[in-house]
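Quick note: the coordinates plus some simple rules give every number you see, no bench work behind them. This structure is a prediction, so every number in the text was calculated from the model and none was measured. FYI the Cβ positions are ideal-geometry reconstructions off the backbone, even for glycines, and counts take in every protein chain you see.
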Amino acid sequence: MNKSELISIVIPVFNEAGSLDELIRRCLDICHTRFSRFEIILVDDGSTDGSADMICNSAGQHPGEIIGVLLNRNYGQHAAIMAGFEKSTGDIVVTLDADLQNPPEEIGKLVEKIMQGFDVVGSVRKDRQDSIFRRLASASINRVVRSYTGVDMHDYGCMLRAYRRHIVDAMLSCHEHSTFIPVLANSFAGKTAEVEVGHEKRTEGDSKYSLWKLINLQFDLLTSMSTLPLRLLSVVGVLISATGIGFGLFLFVMRLIHGPGWAAQGVFTLFAALFIFIGFQFIGMGLLGEYIGRMYHDVRGRPRYFVCRVAGEIQDLKVVTASATKPADNENLLKKS
């Protein structure tokens, strides 16, 4: 392992006060053991349980090793990670969830793998400790993402991942608001790899991904990867129109053969078909609205997040000797710097 490279570990935190002390302790232990240069960036995503104060205290106790980035409200996991990316300076950047389901001790595996010449290293959770519903949903989404991106990675839902600096810089140059980081990173990566990592049960708190947030995440995935849904909508529209025309011709022919009495008996079938077509129209308008809404947010150009405070950074101060200036001058220079 190249000891000269700086390792940045970016961890989004949202109401994780119960596990935060252990997380910081274990991250510091593994970093002191494995890396000579590192920084741990804890991004508080608008927590309301005291996590922000704990981050500031840790940053004060470990200056230069722990940096706290405090967002003014909750923006979501991926926006918080982007805030951490912007503050990071490492040659290799590792992302990690704060819930300790992915052990921090696995970070070394990813760093070793990416130093073999890869741009992005993902992780595959073995013996996953999640519900059957979460595992099935994750498996289906992973198949869709693999088929679209052409990148054979199997666990896009695991945030324990490692990125080279140029990949992080490329992601920061993108300004869209709806960002799914693993997919975005793979769109820039030349060489990717995966490693198996452990997965543990959550011991403190609950998952921050409610059913509604999971649905929103799926919409972000669907509309951020490509315009394929719009193309499918056009194909479906053609098929529905062709079916409607064919059905109309069929009714016309049967009316000629059997007379107007037969046609009157099929009036409710026509209503049913009409409702089906209207339903497809609403689905199409909903998908179109998703894209228009994302364009609206991007055109406004508002920032993804707002950082209200950064704790733990070491600022370069001008060192002035007592023989050159008076003590009062030293104090003024330090304040200016």
May I ask you to evaluate 6.51 cos²θ - 1.76 cosθ + 1.60, the Karplus curve with θ = phi - 60°, for each residue of the range 45-58 and list the ³J(HN,Hα) values in order in whole Hz, giving x for glycine and proline? 9, x, 5, 10, 10, x, 4, 4, 5, 5, 5, 4, 4, 5
Compute the length gained on full extension between R309 and S36: take 0.36 nm times their separation in residues and subtract their Cα-Cα distance, giving the result in nm to one decimal. 95.6 nm
Note, the range 110-126: 3J(HN,Hα) by Karplus (6.51, -1.76, 1.60, θ = phi - 60°), whole Hz, Gly/Pro = x, goes 5, 5, 4, 5, 5, 6, 7, x, 8, 8, 9, 10, x, 9, 10, 6, 8
The answer for V195, listing residues at least 5 apart or on another chain whose modeled amide H is closer than 5 Å to its amide H, is G122, S123, V124
Using a basic spin-label model with each label point 7 Å from the Cα along Cα→Cβ, how many nm lie between M254 and V236? 2.6 nm
As a footprinting exposure proxy, order L70, L184, L6 by other Cβ within 10 Å, with the fewest listed first. L6, L184, L70
Listed residue pairs exceeding 21 Å between alpha carbons, taken from K87/K109; K87/K126; K113/K191: K87/K109; K87/K126
Once fully extended, how much extra length lies between H166 and I283, figured as 0.36 nm per residue of separation less the alpha-carbon to alpha-carbon distance? 38.2 nm
So if I take the alpha carbon set of the range 1-112, get Rg, then get Rh from the Kirkwood formula, what is the Rg over Rh ratio? 0.93
Subtracting the Cα-Cα distance from 0.36 nm times the residue separation, let me have the gained length for F180 to F247 in nm, one decimal. 19.8 nm
Amide H of R161 versus every other amide H placed in the peptide plane: which residues, excluding those fewer than 5 positions away on the same chain, fall under 5 Å? T95
Ranking V94, V43 by Cβ neighbours within 10 Å, fewest first, what do you get? V94, V43
Most exposed first by the Cβ proxy, i.e. fewest other Cβ within 10 Å, how do T192, T89, T95 rank? T89, T192, T95
Calculated FRET efficiency for the pair D298/L270, C-beta based, R₀ 30 Å, to 0.05: 0.10
